[in-house]
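The values are calculated or read from the model by the stated rules, or taken from the named source; none is laboratory data. Remember, it's a predicted structure, so these values are computed and weren't measured experimentally. Here the Cβ positions follow ideal geometry from the backbone for every residue, glycine too, while neighbour counts run over all protein chains shown.
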Amino acid sequence: MSTETRNARKTLIGVVTSRSGDKSVKVTIPYKIPHPRYKKVINRKSVVHVHDEKNETHVGDKVEIMETRPLSRLKRFRILRIVTLSADVEVAAARAAEEVKAEAAADSEA
């Protein structure tokens, strides 16, 4: 068998704006383009559906995503890593509750 090299896959950085379901999030990717005639810089955004295998992201997290094969009707990207965590108080409380639940599960197994 011949060894084939993998294609270079597109990676983008965006902000999680919605948790739409189990293992699914919406990520908004902002970018700027100049107006064709007036050359003023315009803020634009792309919204993509992303696969979150571990359900570890929350709304407001900045994440790096990578292009992948189609995973569902809308999902064409997956999460590579969390760049920065959200500073939202409610999200921080949810993270703390998840950590306590994980520690309790680990203690009960041991």
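Would you confirm whether or not segment 53-66 contains a residue that is of a type in the set (D, E, K, R), at pLDDT 90 or above, part of a strand (DSSP E or B) and exposed (fewer than 10 other Cβ atoms within 10 Å of the Cβ)? Break it down into steps so the answer makes sense when it comes.
Here is the first cut: in segment 53-66, the ones of a type in the set (D, E, K, R) are 53-54, 56, 61-62, 64.
Next, from what is left, pick out any that are at pLDDT 90 or above: 53-54, 56, 61-62, 64.
Okay, now just the ones that are also part of a strand (DSSP E or B), so 62, 64.
In the following step, the residues that additionally are exposed (fewer than 10 other Cβ atoms within 10 Å of the Cβ) were identified as none.
No, because not a single residue in segment 53-66 is of a type in the set (D, E, K, R), at pLDDT 90 or above, part of a strand (DSSP E or B) and exposed (fewer than 10 other Cβ atoms within 10 Å of the Cβ).
Please verify whether residue 17 is in contact (Cβ under 8 Å) with a residue 24 or more places away in the chain and more than 17 Å from residue 60 (Cβ to Cβ), treating the condition exactly as stated.
no
Of the residues that make up segment 46-62, is at least one among the hydrophobic types (A, V, I, L, M, F, W, C) and touching a His at 6+ places or on another chain (Cβ under 7 Å)? Even if it seems obvious, please write down each step before you answer.
Step one: filter segment 46-62 for residues among the hydrophobic types (A, V, I, L, M, F, W, C), giving 47-48, 50, 59.
If we keep only those that are touching a His at 6+ places or on another chain (Cβ under 7 Å) as well, we get none.
Among the residues of segment 46-62, not one is among the hydrophobic types (A, V, I, L, M, F, W, C) and touching a His at 6+ places or on another chain (Cβ under 7 Å), which makes the answer no.
Under the condition of being loosely packed, with under 14 Cβ neighbours inside 10 Å, modelled with pLDDT of 95 or more and not hydrophobic (A, V, I, L, M, F, W, C), which residue from segment 13-35 is nearest to the chain's Cα centre (by Cα)?
28
Before we move on, is residue 74 surrounded by 11 or more Cβ atoms within 10 Å (Cβ to Cβ), farther than 30 Å from residue 99 by Cβ and of a type outside the set (Ser, Thr, Tyr)?
Numbers: surrounded by 11 or more Cβ atoms within 10 Å (Cβ to Cβ): yes; farther than 30 Å from residue 99 by Cβ: yes; of a type outside the set (Ser, Thr, Tyr): yes.
Judged against the criteria, residue 74 is a match.
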